[in-house]
Amino acid sequence: MTVLGLESSCDETAAAVLRRHGDGRVEVLSDIVLGQEAAHAPFGGVVPEIAARAHAEAIDGLAREALSQAGMTLADMDGIAATSGPGLIGGVMAALMTAKGLALGAGKPLIAVNHLEGHALSPRLVEPLDFPWLLLLVSGGHTQLISVEDFGRYRRLGSTLDDAAGEAFDKSAKVMGLGFPGGPAVERAAQTGNASRFDLPEPLQRRAGCDFSFAGLKTAVRETWDSIPEPDDQDKADLAAAAQSAIAAHLARRTERAMESFAEAFPHLARPMPLVVAGGVAANSEVRAALKSAAERQGFRLIHPPSKWCTDNAAMIALAGAEHLARGETDALDAPARARWPLDADAATLSPIIGAGRKGPKA
Ligand code: KG4
Ligand code: ZN
C-alpha cells in the first residue's frame, strides 16, 4: 500500500511517499520538509498568516517533488493523506485542500489524518515497535503525555494547562534577546551558565497527575531578567541555564508520574518498557538526560526517533494514513480542517481544561 502524505499544520511544509507492507513494515520512499524559520525570525515566533501563505505557495511543488523522488506518479498511489488538524487553521487548509484536489483528480481515496496520531505512531517509522508505549510529545505546539495502547486507542495522561514546553524556551530566549528559535539559543547560552544562581519556581508542585504548566516559569524568567540592572553575557548564561534546568526538571518529573500510571495499567509488560520522546524540545541534551534518568528509575528505556521524524514531517502523516487505509478507513471530500482535534476524545470530555486547550495552536 503506497500513500502520499502532506503536512502543513504549523511552520513546516512537508510531503512524503511511504509504502506499508502487509506485515506492517514500512519504507519511506521520499521525505521532504521545508522549514519557514527565516520568514518568522523577525517576529520571534510563528505568525499564522505568514505560515499559511508560505504553505499555500510551496505545497503542490513539494507533493510533485516527493512523488518524483520516489520515482512514482499519482497513479501509483493507493491513497492521499493529509493532516486535517489540529493546528493553525490557515496552514492546515493548505495541505488538506491540496490532498482533496489530488484525490479527486486522480480518483484516489482521501485520508484526513490527526497530526497527533502521526506523532504517536512515529517510532514505527524506525522500527516495528509493538504496542503499547508511552509517548512524551514536546515541541513548540504540543506538550502531551499519551499512552499509545493500540492503533486508534490513545489515552492522554497529561497535557499543558497553558504554554507548550517549546514556547517556554522560545519566550525565555526572546526576553533575553537570544534569537529565534529559542530552544537551541537557550541551550547554547546555558553551556557557560550556572543554573543554581537563580531560583526559578517549580510548576504544579502540589498538583497531582501528569499535567504541565510553563506560564509561571516564563513570568519568573522575565521578572528575574528585569531585576538585573545591566545584564551582561554571564547573566544571560546563568538565567538561560536556570530556565533550561527548570523546564527539564518539570518535564522529567511529570513524565515520571505518567510512567508510574502506565506501568500500573500494563503490569505484565516486559521491562524495560518503551518511553518515546518526540518533538523539537527532545533535541535538548539536558531534557534528554533528565528523561533518561527518570526512565531508568522507573524501568523504562528512552526511545528517541531521529530528529527528522521527531519534529513535524509528512512521513508520519503518510504512515497514519496508510494504517487507516489498510483498515478500509477513508474520508469524504468534505472532511473539515480542524484547529482543535484531541486524540483522546474521552480526556477532552472529562477535563474541559485540557480538552479545549487554552493556548498554543496544538496545546
Ligand atoms: O517539533 P518542532 O520542530 O516544531 C513545532 O513545534 O512545530 O519544535 C520546535 C520547538 C521550538 O519551540 C524550539 O525552540 C524547540 O522545539 N527546540 C528546542 C531545541 N531545538 C528545538 N528546545 C530546546 N532545546 C533545543 N535544542
Ligand atoms: Zn507536531
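The values are calculated or read from the model by the stated rules, or taken from the named source; none is laboratory data. Computed from a predicted structure; not experimentally measured. Here the Cβ positions follow ideal geometry from the backbone for every residue, glycine too, while neighbour counts run over all protein chains shown.
For beta carbons closer than 7 Å, sequence separation of 6+ or different chains, a first residue in segment 112-137 that is within 21 Å of Ala164 (Cβ to Cβ) and among the charged types (D, E, K, R) and a second that is modelled with pLDDT of 95 or more and away from ligand 1 (no atom under 12 Å from the Cβ), the qualifying pairs are Glu117/Ala320. Just one of the listed residues (Ala322, Ala290) is touching a residue at least 60 places away in the same chain (Cβ under 8 Å), in a helix (DSSP H, G or I) and away from ligand 2 (no atom under 16 Å from the Cβ), and it is Ala322.
Restricting attention to segment 17-33, the residues being closer than 12 Å to Arg64 by Cα and more than 16 Å from ligand 1 (Cβ to nearest atom) number 2. Screening the candidates Leu325, Leu319, Leu302 for the property of being touching a helix residue (DSSP H, G or I) at 6+ places or on another chain (Cβ under 6 Å), surrounded by 18 or more Cβ atoms within 10 Å (Cβ to Cβ) and under 23 Å from Ala63 (Cβ atoms) yields one hit, Leu319.
Here Ala41 passes the criteria (1) small (Gly, Ala, Ser); (2) more than 21 Å from Pro306 (Cα to Cα); (3) at pLDDT 95 or above; (4) assigned to a helix (DSSP H, G or I) except the one numbered (3). Looking only at segment 100-114, decide whether some residue is within 16 Å of ligand 1 (Cβ to nearest atom), under 19 Å from Gly328 (Cα atoms) and of a type in the set (S, T, N, Q). Yes, the conditions are met somewhere in segment 100-114. Scanning segment 1-39 for residues that are among the small types (Gly, Ala, Ser) and within 16 Å of ligand 2 (Cβ to nearest atom) gives Gly5, Ser8, Ser9, Ala14, Ala15, Ala16, Gly35. Inspect segment 273-286 for any residue being over 22 Å from the mean Cα position of the chain (by Cα) and in contact (Cβ under 8 Å) with a residue 40 or more places away in the chain and give the result as yes or no. No: zero hits. Looking at the structure I just gave you, is Val92 aliphatic (A, V, I, L, M), assigned to a helix (DSSP H, G or I), buried (at least 22 other Cβ atoms within 10 Å of the Cβ) and under 22 Å from the mean Cα position of the chain (by Cα)? So Val92 fits the description; yes.
Conditions tested, residue by residue: (1) part of a loop (DSSP other than H, G, I, E, B); (2) charged (D, E, K, R); (3) modelled with pLDDT of 95 or more.
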{"site": "Leu4", "(1), (2), (3)": "no, no, yes"}
{"site": "Cys10", "(1), (2), (3)": "yes, no, no"}
{"site": "Ala16", "(1), (2), (3)": "no, no, yes"}
{"site": "Gly24", "(1), (2), (3)": "yes, no, no"}
{"site": "Glu27", "(1), (2), (3)": "no, yes, yes"}
{"site": "Ser30", "(1), (2), (3)": "no, no, yes"}
{"site": "Val33", "(1), (2), (3)": "no, no, yes"}
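Yes or no: Glu7 in contact with a strand residue (DSSP E or B) (Cβ under 6 Å, 6 or more places away or on another chain), buried (at least 24 other Cβ atoms within 10 Å of the Cβ) and among the acidic types (Asp, Glu)? Spelling it out, Glu7 is indeed in contact with a strand residue (DSSP E or B) (Cβ under 6 Å, 6 or more places away or on another chain), buried (at least 24 other Cβ atoms within 10 Å of the Cβ) and among the acidic types (Asp, Glu).
Within segment 113-135, the set of residues being of a type in the set (A, V, I, L, M, F, W, C), buried (at least 16 other Cβ atoms within 10 Å of the Cβ) and in contact with a Lys or Arg (Cβ under 9 Å, 6 or more places away or on another chain) comprises just one member, Leu116.
If you scan segment 45-87, which residues turn out to be in a loop (DSSP other than H, G, I, E, B) and surrounded by fewer than 18 Cβ atoms within 10 Å (Cβ to Cβ)? Gly45, Val47, Gly71, Met72, Thr73, Asp78, listed by residue number. Here Asp238 passes the criteria (1) within 16 Å of ligand 1 (Cβ to nearest atom); (2) touching a Lys or Arg at 6+ places or on another chain (Cβ under 9 Å); (3) not aromatic (Phe, Trp, Tyr) except the one numbered (1). Among the residues of this structure, Thr13 counts as one that is within 16 Å of ligand 1 (Cβ to nearest atom), of a type in the set (S, T, N, Q), crowded, with 24+ Cβ neighbours inside 10 Å and more than 24 Å from Ala332 (Cβ to Cβ). Listed by position, the helices (runs of 4 or more DSSP H) inside segment 122-229 whose residues that are within 15 Å of ligand 1 (Cβ to nearest atom) and closer than 16 Å to Ala252 by Cβ number at least 3 are 165-175.
For segment 113-142, filtered to residues that are among the β-branched types (Val, Ile, Thr) and within 14 Å of ligand 2 (Cβ to nearest atom), the residue that is farthest from the chain's Cα centre (by Cα) is Val113.
A quick yes/no check of all residues on (1) at pLDDT 95 or above; (2) acidic (Asp, Glu):
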residue	(1), (2)
Asn194	yes, no
Phe198	yes, no
Glu202	no, yes
Asp211	yes, yes
Phe214	yes, no
Glu223	yes, yes
Ile228	yes, no
